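Let me begin by presenting the structure, written as structure tokens, before commenting on it.
The values are calculated or read from the model by the stated rules, or taken from the named source; none is laboratory data. Predicted model, so just to flag it, every value in this text is computed and none were measured. Backbone-built Cβ (ideal geometry, glycine too); neighbour counts: all protein chains shown.
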Amino acid sequence: MTEALVQALVDMKEAEALQRAKHLLAGGTEPLEILESCSRAMEIVGQRFEKGVYFLPHLMMAGEMLKEISAMIKPLVQEQKAEAKKGRVLIGTVEGDIHDIGKNIVVFLLEANGFEVRDIGINQKPAKFVEAIKEFQPKVVGMSGLLTLAFDSMKKTVEAIKEAGLRETVRIVIGGGVVTEKIKDYSGADAYAPDAMAGVRLAKEWTQRR
Amino acid sequence: MQQRFLEVSAEAEKKQEERFSVWLKGEGIPFADADAAAAYRERVSLMKDAIQLRQQPKRIPVCPSAGFYPMQYAGVTMYDAMYDYRALGTAWEAYHLDLEPDAYSAPTTIVPGRVLDILDLKLYEWPGHGVSHEREYQYVEAEYMKAEEYQDLIDDPTAFFLNLYFPRIFGALKPLAAFPLLPPVNEIPMVVPLAAPFGAENMKGALESLAKAGDESLRWRSALREIGGRIMGRGFPSFAGGFTKAPFDVIGDSLRGTRGVMLDMFRYADELKEACERLIPSMIKCAVAACNVTGHIMPFIPLHKGADGFMSREQFKTFYWPSLRKLIIGLVSEGLVPQLFAEGAYNDRLDVISDVPKGKVVWWFDRTDMKKAKETVGRVACLAGNVPLDLLCAGTPDEVKTHCRDLIDGAGVGGGFILSTGAGIQGSKKENVKTMIEFCKDYGRYGKR
């Protein structure tokens, strides 16, 4: 029954997916089962993205559909099962840069993949990253930036984390816009993610290992 | 509309030659001396030969995108450059005269801050207005047009911009929501409905803001003309002389926004395609008008949302390319050479974008594989690019040299190549910029190898 919902989601058929979710609910399917099939669909969408079959618009659309179905179902879930989260990821756009589309996609994918994510937003000073790391204690820190001015902001943020004595507690990944492998070395981050799924892969790898 | 702009006009060739000769002549440019005039013409010829693909130029022209770099180079803040036109001129002059790139990057994107202040532009944050004095202005992503408004845009683009869009993006122009619809004004009973809205006090205020912004814009323009004269007069032709955008980007950048337009490809596919079509004539006319004024042949066209990753190949062919191709054909028909600056990478769609008339456009790449580009687009169009910014900002002069050598040995073979950068070079190390320019002028000589 839920297979048709998964298929509609994977095929980007929004109206059909919403309709099917509604019908499933009305037919007595457990809300949690519907949410689980959404996760299955998101996994397939993620795989297609990695294979180069799907692109950013598909991720955006998948995120929209997921949001709509969650809004329909969440109120019906009496008590949320404490989901076993994969790990904590702190993410933000570095100082001076106000762009967030790429970051938001990474957040969506991380959450769809079971991570507990804290998004501190755009134009965040190094001190803000440090403060948030102390508070949230993530295993992974993601820094985003679209402009060349982000290079130095990333470097300064890594330095601030180091100075605060927190460098050994986190793995740092950078991404976005003009960021490259070279900027990973320049900034002192641990890795560079060329796209959103690469960021998720790194987060998985790092949280499993530690 | 579906049938328009599919084939270049019969006069395209002749018009292009005429425009090239106007650019080459450089009438009105206050040349410092005969040598400067000769250097100017030599550089225009290098670009002309590279563009037309008829003969190999003497050497590869080096035309980096200055971006905001001249300010950094001269120690002028972004705020100063946007508010003090003398500081702007000093920075631009220092960069061009010291480093001697082959083309002048006019500071047309260093827009006057006071004009933005007067009109209270909401699309951007700029120094002293959301970002610090040292930072560059940045676009504020939002849905400035709602998805339900496609039909308004399609019905009457001008009315859409006046009545809905401007009141949202200009705080000072909110009263334009009452700007009358124009097509009905053609009979005596419609004269009053035309005039009445302009009697309202708030409308008078809006028009006054526009007049003030106009005064300041004219001051800025005359400053820019003077700066341009000083730099071009020393032998550096401008790299571009006009501006337009791909219809899809008009909608995707600052009407619907990135998220909006990506979802629209699924939810409002037909409306999105039709709206792109509707925008084509205006986007052609604005570039033609600007190039007529500047006497230049190349309108600059930054391409944003059509890159690999931003949409699938299928989506590119459906939503992005059809209206962009018509824009290109419309411009080429007027004798212009569209300077298509493809931000990001286009490796997955090089065959699609090769469908352009030969020797009539410049494809300027950012992260595209230039070897692949040379074998495809390079057969029909001059290529430009693509020294990357990470290299210029964080690399060494030797690494820059190696990269430039590879570009020249690959994309540069046989002509049809302008060496440039993948983006505006702000943040670059001076020695890297200098090395790029000097090395290419020497190693890029065709007779040499």
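Restricting attention to segment B:53-69, does a residue exist that is away from every other protein chain (no Cβ under 14 Å) and assigned to a helix (DSSP H, G or I)? Within segment B:53-69, none of the residues are away from every other protein chain (no Cβ under 14 Å) and assigned to a helix (DSSP H, G or I).
Scanning segment B:218-232 finds no residues that are in a loop (DSSP other than H, G, I, E, B) and either touching a residue at least 12 places away in the same chain (Cβ under 8 Å) or crowded, with 24+ Cβ neighbours inside 10 Å (or both). Candidates B:Gly113, B:Gly89, B:Gly75: the one that is at positive phi and of a type in the set (Gly, Ala, Ser) is B:Gly75.
The number of residues in segment B:399-432 being buried (at least 17 other Cβ atoms within 10 Å of the Cβ) and more than 13 Å from chain A (Cβ to nearest Cβ) comes to 13.
Could you check segment B:304-356 and list, in sequence order, the residues that are within 12 Å of chain A (Cβ to nearest Cβ) and either within 10 Å of B:Ala246 (Cβ to Cβ) or β-branched (Val, Ile, Thr) (or both)? Correct list: B:His304, B:Lys305, B:Gly306, B:Thr318, B:Tyr320. Restricting attention to segment B:275-297, the residues being in contact with a Leu (Cβ under 7 Å, 6 or more places away or on another chain) and closer than 25 Å to B:Asp351 by Cα number 3.
Across segment A:152-173, the number of residues qualifying as over 13 Å from the mean Cα position of the chain (by Cα) and either aliphatic (A, V, I, L, M) or crowded, with 21+ Cβ neighbours inside 10 Å (or both) comes to 11.
Residues considered: A:Lys74, A:Lys103. Of these, the only one that is basic (Lys, Arg) and within 30 Å of B:Phe316 (Cβ to Cβ) is A:Lys103. For B:Ile118, indicate whether it is under 24 Å from B:Ser428 (Cα atoms), of a type in the set (A, V, I, L, M) and crowded, with 21+ Cβ neighbours inside 10 Å. Against the criterion (under 24 Å from B:Ser428 (Cα atoms), of a type in the set (A, V, I, L, M) and crowded, with 21+ Cβ neighbours inside 10 Å), B:Ile118 does not qualify. Restricted to segment B:257-272, and to residues there that are hydrophobic (A, V, I, L, M, F, W, C) and at the interface with another protein chain (Cβ under 9 Å from one of its Cβ atoms), the residue that is farthest from B:Tyr144 (Cα to Cα) is B:Phe266. Comparison of B:Phe248, B:Phe266 shows that the only residue that is in contact with an Asp or Glu (Cβ under 7 Å, 6 or more places away or on another chain), surrounded by 14 or more Cβ atoms within 10 Å (Cβ to Cβ) and assigned to a helix (DSSP H, G or I) is B:Phe266. The residue of segment A:42-54 that is farthest from the chain's Cα centre (by Cα), among those that are part of a helix (DSSP H, G or I) and within 14 Å of another protein chain (Cβ to nearest Cβ), is A:Lys51.
Scanning segment B:186-200 for residues that are surrounded by 13 or more Cβ atoms within 10 Å (Cβ to Cβ) and either at pLDDT below 95 or of a type in the set (A, V, I, L, M, F, W, C) (or both) yields B:Met190, B:Leu194, B:Phe198.
Taking helices (runs of 4 or more DSSP H) as the structural unit, those lying wholly within segment B:71-175 and holding at least 1 residues that are more than 14 Å from every other protein chain (Cβ to nearest Cβ) and within 25 Å of B:Ile231 (Cα to Cα) correspond to B:78-83, B:85-99, B:113-119.
Filtering segment B:142-179 to residues that are aliphatic (A, V, I, L, M), over 26 Å from the mean Cα position of the chain (by Cα), surrounded by fewer than 19 Cβ atoms within 10 Å (Cβ to Cβ) and within 20 Å of B:Leu194 (Cβ to Cβ) leaves B:Ala177, B:Ala178. Taking first residues from segment B:432-446 that are free of Cβ contacts under 8 Å to residues at least 60 places away in the same chain and partners that are aromatic (Phe, Trp, Tyr), no Cβ contact under 7 Å between residues at least 6 apart in sequence or on separate chains turns up. Taking segment B:77-97 as the range and being surrounded by 23 or more Cβ atoms within 10 Å (Cβ to Cβ) and either among the aliphatic types (A, V, I, L, M) or modelled with pLDDT under 95 (or both) as the test, the residues that pass are B:Met78, B:Ala81, B:Met82, B:Leu88, B:Ala91.
Condition check for A:Leu25 on (1) within 12 Å of chain B (Cβ to nearest Cβ); (2) assigned to a helix (DSSP H, G or I); (3) touching a residue at least 40 places away in the same chain (Cβ under 8 Å): one failure, at (1). As for segment A:55-73, it holds at least one residue that is part of a loop (DSSP other than H, G, I, E, B) and modelled with pLDDT of 90 or more. A residue that is acidic (Asp, Glu) and within 12 Å of chain B (Cβ to nearest Cβ) occurs somewhere in segment A:67-86. The number of residues in segment B:26-41 that are touching a residue at least 24 places away in the same chain (Cβ under 8 Å) and either buried (at least 16 other Cβ atoms within 10 Å of the Cβ) or assigned to a helix (DSSP H, G or I) (or both) comes to 9. For segment B:301-413, the strands (runs of 3 or more DSSP E) that sit wholly inside it and include 1 or more residues that are of a type outside the set (Val, Ile, Thr) and modelled with pLDDT under 95 are B:382-387. When the criteria are applied in full, B:Val261 fails the requirement of being out of contact with any Cys (no Cβ under 9 Å at 6 or more places or on another chain), closer than 30 Å to B:Glu226 by Cα, part of a helix (DSSP H, G or I) and of a type in the set (Val, Ile, Thr). The residue pairs whose first member lies in segment A:37-53 and is over 11 Å from A:Asn113 (Cα atoms), whose second member is among the charged types (D, E, K, R), and whose beta carbons are closer than 6 Å, counting only pairs six or more residues apart or on different chains, do not exist in this structure.
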